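The numbers here are math on the coordinates, done by the rules we state, and not lab data. Being a predicted model, the structure only gives us computed values, none of them experimental. Neighbour counts run over all protein chains shown; Cβ positions are idealised from the backbone, glycine included.
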Amino acid sequence: MNKLMVFAALASLAACSKQEPAPTADATESAAPAATSDADAAAAQPVAADGKPSVGTFTVTTSDGKVFTEEDKADGTYVDTKDGKVVETGKWEQKSPSQFCFTKDEANAKQQCNTEQVDAKGVWTSVGPDGKTATVVRTGG
């Protein structure tokens with residue numbers, strides 16, 4: 001009840017003031033969706049250790065010298081290829097710029113997370129839960 005009285009008092013005061021009415025928006029303006037910029041769209045995407053979107057193509061060199069290409073797709077899946085042949089597929093998730101997680105497409109697979117960083121020399125490293133370090137180079141995207 002008190003809220004109703006306060007509202008009525010405010011409405012009375014507003015009615016007594018001689019302010020110009022606020023201009024109304026044209027119907028086409030209010031119905032139009034807000035435009036988004038490329039920067040807004042990029043900000044909504046997960047960000048990798050290099051500060052760019054996580055979606056892209058990367059060359060990964062493992063600690064034992066094996067080299068493969070990883071494509072992280074916008075739908076949250078990845079494909080790893082070596083010498084043009086698919087060697088692994090799965091789902092990826094960028095939990096933060098320093099934490100990249102993936103789950104292989106295989107029975108009973110569990111999500112694994114790597115700690116990633118780019119050092120002062122610009123070298124991007126990814127350390128797996130096993131402690132092994134791989135180097136990552138963005139080649140596309």
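Okay, here's what the table says:
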item: For the stretch 46-140, with +1 on Lys and Arg beta carbons and -1 on Asp and Glu, the positive-most of Thr81, Val137, Gln111 along the dipole; result: Val137
item: Modelled FRET efficiency - R0 41 Å, Lys95 with Lys121, Cβ distances, 0.05 increments; result: 0.95
item: Taking the stretch 46-140 and dividing mean pair separation by its residue count, relative contact order in percent (alpha carbons under 8 Å, at least six apart); result: 27
item: Whole-number D in µm² s⁻¹ for the stretch 46-140, Kirkwood Cα-pair radius fed into Stokes-Einstein, 20 °C, 1.002 mPa s; result: 160
item: Net charge dipole size for the stretch 46-140 [Lys, Arg +1 and Asp, Glu -1 on Cβ; Debye, nearest 20]; result: 120
item: Cβ crowding within 10 Å averaged over residues, with 74-84, 90-100 ranked highest first; result: 90-100, 74-84
